[in-house]
Amino acid sequence: MIDLVSYFICSLINVMLSTVKNIFTVKASKPVATGINAISYGFNTIVLKQLVGFDFITTVIITIITNIIGVYLSLVIIEKFKKECLWKISVTIDKDISNLLEKYNISYVYNIVKYKNKEFYCYDIFSENKQDSTIIKQILTEYKVKYNITEITKSL
């Protein structure tokens with residue numbers, strides 16, 4: 001039983017390392033990606049050595065369970081450590097929403113544009129965190145307008 005628990009824990013760690021490795025290979029610097037890759041493959045060897053001691057069904061079940069838990073848990077942990085980014089949300093609307101944005105202390109700039117004898121407000125709205133993004137999305141959804149989102153900086 002101790003061997004089974006040990007194998008489960010090692011498999012879970014292996015899946016989490018593999019998930020982080022995949023993300024860091026794409027998003028991190030070359031030295032960081034190289035380091036996590038080496039650690040991940042090194043740890044994978046431990047798991048493979050343990051595989052020999054268990055039957056096929058047990059290893060498949062543990063592999064499925066640890067993948068479900070490990071990938072999800074890794075993504076949650078990475079998300080918690082991710083720095084906030086500054087986002088620009090661009091929208092053109094036929095109503096002035098300045099008062100709503102100011103109510104929530106959300107930064108913006110806008111221009112009034114005339115098109116076919118009608119006035120439109122062209123906004124660039126800036127979201128500094130998830131809370132701002134949620135509020136902005138609620139406001140724009142209420143007015144049923146389309147918008148474009150652009151990442152301004154890598155991190156604040």
Contact order normalised by residue count of the chain, Cα under 8 Å, 6+ apart, percent: 24
Degrees between helix 130-142 axis and first principal axis of the chain (Cα, 0 to 90, nearest 10): 50
Solvent-accessible ranking of Ile112, Ile36, largest area first, probe 1.4 Å: Ile112, Ile36
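So which of Lys95/Lys144; Lys27/Lys82; Lys80/Lys146; Lys27/Lys80; Lys88/Lys118; Lys80/Lys144 end up more than 20 Å apart, counting from Cα to Cα? Walk me through the intermediate numbers first.
Numbers: Lys95/Lys144 11 Å; Lys27/Lys82 12 Å; Lys80/Lys146 29 Å; Lys27/Lys80 16 Å; Lys88/Lys118 25 Å; Lys80/Lys144 31 Å.
From the list (Lys95/Lys144; Lys27/Lys82; Lys80/Lys146; Lys27/Lys80; Lys88/Lys118; Lys80/Lys144), the Cα-Cα distance tops 20 Å for Lys80/Lys146; Lys88/Lys118; Lys80/Lys144.
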Under the Debye formula (equal points on every Cα, no solvent term), log10 I(q)/I(0) of the range 1-88 at q = 0.13 Å⁻¹: -0.48
Global size of the range 55-111 as Cα Rg and Dmax, reported in angstrom: 22.6, 68
Where Lys88, Lys137, Lys49 fall by accessible area, highest first, once all protein chains stay in place (1.4 Å): Lys49, Lys137, Lys88
In Å², nearest 10: area of Cys122 left accessible to a 1.4 Å probe: 40
Hits among aspartates and glutamates - C-alpha to C-alpha of Lys21 under 20 Å, sequence gap 8 or more where chains match: Glu79
Asn105 versus Ile2: modelled label distance in nm, points set 7 Å from Cα along the beta carbon direction: 5.6
Test item: Cα-centred dipole of the chain, Lys/Arg +1 and Asp/Glu -1 on Cβ, debye: 400
Ranking by accessible area, most exposed first, for Ile65, Ile2 with a 1.4 Å probe: Ile2, Ile65
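Taking all protein chains in place and a 1.4 Å probe, what share, in percent, of the accessible surface of the range 9-99 do carbon and sulfur account for?
Values: 4070 of 5870 Å².
In the range 9-99, the share of accessible area belonging to carbon and sulfur is 69 percent.
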Principal-axis tilt of helix 56-81 within the chain, Cα atoms, nearest 10 degrees: 40
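With a probe of 1.4 Å, find how much accessible area the range 6-135 has per residue, and write the answer as a whole number in Å². Numbers along the way, then the final one.
Working: 8630 Å² over 130 residues.
Accessible area per residue, the range 6-135: 66 Å².
Of the listed peptides 14-20, 138-144, 90-96, what is their order by residue-averaged count of other C-beta atoms within 10 Å, with the highest listed first?
Details: 14-20: 21.4, 138-144: 12.7, 90-96: 14.9.
Averaged packing, sorted descending, gives the order 14-20, 90-96, 138-144.
For the chain, how big is Rg over Rh, using alpha carbon atoms and the Kirkwood form of Rh? Please list the in-between numbers first.
Values: Rg = 24.0 Å, Rh = 19.4 Å.
Radius of gyration relative to Kirkwood radius: 1.23.
The values are calculated or read from the model by the stated rules, or taken from the named source; none is laboratory data. This is a predicted model, so every value here is computed, not measured. Virtual Cβ from ideal backbone geometry, glycine too; neighbours counted across all protein chains shown. Quick note on the areas: whole protein, heavy atoms, side chains included, nothing else; ligands and nucleic acids left out. Shrake-Rupley method; radii C 1.70, N 1.55, O 1.52, S 1.80 Å.
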